[in-house]
Amino acid sequence: MNAWGNGMLTGIVIDALDVARMDRFWSDATRGRTDGLHLRFVPTAKPKTAHKNRLHLDLAGGPDWEAEVARLLTLGATRVDIGQGDVPWDVLADPEGNEFCVLRPGHPGVRADSGLAAICLDVAEEDRYAQSAFWQSRADWHAVESHDWGVRLRRGPASTVSLVMGPPAAPKEVRNRLRLEVVQRGSEPGEFLDAGGNEFHVTG
């Protein structure tokens with residue numbers, strides 16, 4: 001067993017200008033349905049840049065996805081164009097500009113009608129296998145799908161949230177605003193880099 005053998009992906013750390021507002025928005029946006037994953041907001045004085053985040057969240061829209069999108073807009077989300085074109089999902093941003101997607105019924109990998117459906121990490125094609133191996137080891141989540149679009153990991157057979165990794169990945173220019181968090185007993189806590197240069201957190 002390697003030094004990471006008892007690690008477990010437990011949540012996402014999100015930089016926030018207004019921690020209370022962001023916590024409230026995401027609690028309402030997910031309806032508290034995160035499959036046990038914790039969204040932790042940490043204060044920052046730096047607003048989001050124009051760069052698309054390398055890590056974003058996908059929410060399940062459910063059978064009445066249009067009403068769900070309208071609900072999210074009422075909560076403070078906005079529609080954004082990141083060059084997605086005509087796609088069968090809706091791209092929104094939270095109150096501080098972090099992109100997220102609302103997935104429609106029938107979208108691959110969606111196992112719930114509401115709440116958090118996926119954590120999506122942009123991975124360059126040449127880093128796909130290294131990142132898959134890295135996060136299977138660090139998160140103790142396991143690959144359940146591997147296609148041209150990337151790799152899907154899940155914590156277990158009944159898990160409703162997946163970790164999806166695939167291209168394209170823009171060049172790393174700024175510190176990631178959203179970062180994965182891993183609990184690792186007996187390990188030094190802190191911030192580290194994954195195989196693709198993305199920051200992640202380790203707690204003991």
Q) Has the range 154-170 got any residue that is at pLDDT 95 or above and among the basic types (K, R)? A) yes
Q: Look at the range 63-88 and say how many of its residues are modelled with pLDDT under 95 and either in a helix (DSSP H, G or I) or among the hydrophobic types (A, V, I, L, M, F, W, C) (or both).
A: 3
Q: Give the residue that is farthest from the chain's Cα centre (by Cα), with candidates limited to residues of the range 79-107 that are farther than 24 Å from G11 by Cα and among the β-branched types (V, I, T).
A: V87
Q: Scan R154, R111, R128 and give me the residue that is in contact with a His (Cβ under 8 Å, 6 or more places away or on another chain), basic (K, R) and farther than 22 Å from K48 by Cβ.
A: R154
Q) Which residue pairs have Cβ atoms under 7 Å apart, sit 6 or more places apart or on different chains, and have a first residue in the range 39-66 that is touching a residue at least 60 places away in the same chain (Cβ under 8 Å) and under 23 Å from V164 (Cα atoms) and a second that is assigned to a loop (DSSP other than H, G, I, E, B) and open to solvent by 80 Å² or more (accessible area, probe 1.4 Å)? A) H51/E173
Q: Scan the range 149-161 for residues that are in contact with a Lys or Arg (Cβ under 7 Å, 6 or more places away or on another chain) and within 15 Å of Q131 (Cα to Cα) and report the count.
A: 2
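The values are calculated or read from the model by the stated rules, or taken from the named source; none is laboratory data. Predicted, not measured: the structure shown is a model, and the values here were computed from it. Positions of Cβ are backbone-derived with ideal geometry, glycine not excepted, and every protein chain shown enters the neighbour counts. Side chains are part of the model used for accessible areas, which takes the heavy atoms of the whole protein and leaves out ligands, DNA and RNA. Shrake-Rupley method; radii C 1.70, N 1.55, O 1.52, S 1.80 Å.
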